[in-house]
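Comments concern the structure below.
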């Protein structure tokens, strides 16, 4: 930090040494700076042309996806896994019920044939 309390700006040769750990130590968040930039651009664009907002929202979603998806994946994985497990159990039970119904139909057809030939 400078003597006046402001942080030093990164020199071009120092930019290669900026890592996520260094950014977090300095109190800067890459996601926070992205959100602030996008909010400012979105506000300006909304003031200029309201029809641009859906496109801006899609762009924001595409920009934030790499940061949010791993976290979202860890949260959603157990729910998706449970849903797949329930779907598999439902399909297995349905398969059993269809097989049983087929057997009952075969029994009825066999009874009708035996009654017809008797």
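Laboratory data are not the source of any read-out in this text; all were calculated from the coordinates shown. Everything numeric here is computed off the predicted structure, so don't read it as measured data. FYI the Cβ positions are ideal-geometry reconstructions off the backbone, even for glycines, and counts take in every protein chain you see.
In this simple spin-label model, placing a label point 7 Å from the Cα along the Cα-to-Cβ direction at both residue 74 and residue 37 gives a separation of 2.5 nm. Site pair residue 115 and residue 86 shows an inter-label distance of 4.3 nm when each label is modelled 7 Å from Cα along Cα→Cβ.
Three principal axis extents describe the C-alpha atoms of segment 70-118; from largest down they are 71, 9, 5 Å.
Each of residue 51 and residue 104 was given a label point 7 Å from its Cα along the Cα-to-Cβ line. The distance between the two points is 6.0 nm.
If you take the Cα centroid of segment 63-117 and the Cα centroid of segment 34-48, the two points sit 47 Å apart.
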